[in-house]
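Peer 1: Sharing a structure, written as structure tokens. Questions coming.
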Amino acid sequence: MDTTPSDLPGVIPLAARTGPADAAAVSDLFNVPLGGESSASRRGVEASREGEPLAYRMRPRTLDEIAGQQHILGAGKLLRRAIEADRFTSLIFYGPPGTGKTTLASVIARTTGSRFEALNGVESNVAEIRAKIDQARTWRDLRGETTILFIDEIHRFNKAQQDVLLPHIERGTVRFIGATTHNPYFYVNSPLVSRSQIFQLEAVPTDDLLPVLRRALDDTERGFGDLAVAAADDALHHLAVMSDGDVRKALTSLELSVLTTPPGDDGIVHIDLAVAEESIQRKAVVYDADGDNHYDTISAFIKSIRGSDPDAALYWLAKMLHAGEDPRFIARRIVISASEDIGLADSNALRVAMDAHQAFEFIGMPEGRIPLAHATVYLATAPKSNTAYAALGRAAEDVEKGRTLAVPEHLRTNTRKKLAAASGADEEKMKYLYAHDYPGGYVPQAYLPEGRIYYQPGENGLEKRIKERMDYLRQRMSEEAES
């Protein structure tokens, strides 16, 4: 086995047994500068750093370097004040991939001078959680240091794993920071949510992504500042736009473009728009089948129809289809909207929606998207009315909160009428007037006690004619009641 003098018991290193001059000579002899790393060690560190992805190397070290998130990290905002004052306990960050959840956690640890321990909700188990907590307790007791325990994809932890954290969070053994792409109010246990402050991170705007890309090109320590790279503004703008608010994706695409583009005749790597387009290729739509993006997008789709904006409705429809949303789910929502939002203003909308649903079932994808688009545009451009839906809500409220109304005697079944007559009831009150026996198929007659009115016709589309008729009939009913 190879050994060095310092490895042998009782042997004092040469540098410790000589004067400064001799020590310097030893340093020169072995190429090991005193108080620093060897050149070989430095080369190893540099090689290791070169092997790290650009997105990892360029991770922000301070709050000011974090792209976007000004709604929570801007001057005077709650989270920034809590971090700078070192006054927070447990935090949960949620938002799309690449928005800086993990980065923000590490910056918080650096800013507050805390130890940083990380676990992953997919890979970690209860034993690992307990081990990290034991280490945190030891560091706190022996050195007085605070530990931030960061758990990525916290929604992946089961109830037992999440419950392990609770007593240690309450005692202050660790400061917990969780990260998830799912809404924690639905996917994280209530006890953990109630002990944490929830902050939502948003997709990073294009204008905030551009400085990140330029900083990566200029940074000589972590980026490509030591390389001759010239990137066109339109190329960087394309990378920023097509990254869809994902910083990691933007930096990865920039790295690919720089490392795969040969230098020109002038020795400079030129990144133009064509190179940028090849590097990022097709934009991956951020969409989850059962999370926030799923519900947010269908909400935007329905609200665009309700708001009579066919262009927006078609965009959200295209996004859902592109991302792999179940077309049957979309078709069902279209049918609901036809009654809820168009209603009596154009009753044909419900027929169009049902036909689109049936047509999709008949032909399937990809052509099935055509009748869905047909129905979407029809509904978006149709006159709107929710009067029937709103009237049902008012009637339901009376049913739930008011007293139950008895069925008027003249509307009861013949059996009930015979029983009432046998008991001496007034036969005139029990007489039912058959509407078809009267001119126009209408005769003033009470169908509900107390004369309540729930349906208030609107004046959009075909419902305007309904309103005219109902105004006439209700006037006749009022006159009959007064006479």
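The values are calculated or read from the model by the stated rules, or taken from the named source; none is laboratory data. Please read these numbers as outputs of a predicted model, since none were measured by experiment. Glycine gets a Cβ as well: all are built from the backbone with ideal geometry, and neighbour counts include every protein chain shown.
Peer 1: Can you name the residue in the range 160-204 that is touching a residue at least 24 places away in the same chain (Cβ under 8 Å) and basic (Lys, Arg) and, of all such residues, is surrounded by the most Cβ atoms within 10 Å (Cβ to Cβ)?
Peer 2: In this case the residue turns out to be 175.
Peer 1: Residue 244 versus (1) acidic (Asp, Glu); (2) modelled with pLDDT of 85 or more; (3) within 29 Å of residue 321 (Cβ to Cβ): which is the lone unmet condition?
Peer 2: Going through the list (1) acidic (Asp, Glu); (2) modelled with pLDDT of 85 or more; (3) within 29 Å of residue 321 (Cβ to Cβ), residue 244 breaks only (2).
Peer 1: Let me ask something additional. Residues to consider are 192, 209; find the one that is at pLDDT 90 or above and not in a strand (DSSP E or B).
Peer 2: 209
Peer 1: Sticking with this one: Mind telling me which of the residues 134, 163, 141, 86 ends up being touching a helix residue (DSSP H, G or I) at 6+ places or on another chain (Cβ under 6 Å) and charged (D, E, K, R)?
Peer 2: Only one candidate passes the filter, namely 86.
Peer 1: Only one residue in 77, 101 is surrounded by 19 or more Cβ atoms within 10 Å (Cβ to Cβ) and among the basic types (Lys, Arg). Which one?
Peer 2: Of the residues listed, the single one that is surrounded by 19 or more Cβ atoms within 10 Å (Cβ to Cβ) and among the basic types (Lys, Arg) is 101.
Peer 1: Got a sec? Which of 434, 472 is surrounded by 11 or more Cβ atoms within 10 Å (Cβ to Cβ) and either assigned by TED's automatic domain parsing to the domain that holds residue 405 or modelled with pLDDT of 85 or more (or both)?
Peer 2: 472
Peer 1: If you don't mind, there's one more thing I want to ask. Restricting attention to the range 134-155, which residues are touching an Asp or Glu at 6+ places or on another chain (Cβ under 9 Å) and touching a residue at least 40 places away in the same chain (Cβ under 8 Å)?
Peer 2: 148, 150
Peer 1: Suppose we filter the range 248-272 for residues that are within 22 Å of residue 99 (Cβ to Cβ) and out of contact with any helix residue (DSSP H, G or I) (no Cβ under 6 Å at 6 or more places or on another chain); how many remain?
Peer 2: 1
Peer 1: Does residue 399 satisfy the criteria of being assigned to a helix (DSSP H, G or I), under 30 Å from residue 432 (Cβ atoms) and either at pLDDT below 90 or in contact with a Cys (Cβ under 7 Å, 6 or more places away or on another chain) (or both)?
Peer 2: So residue 399 passes the test.
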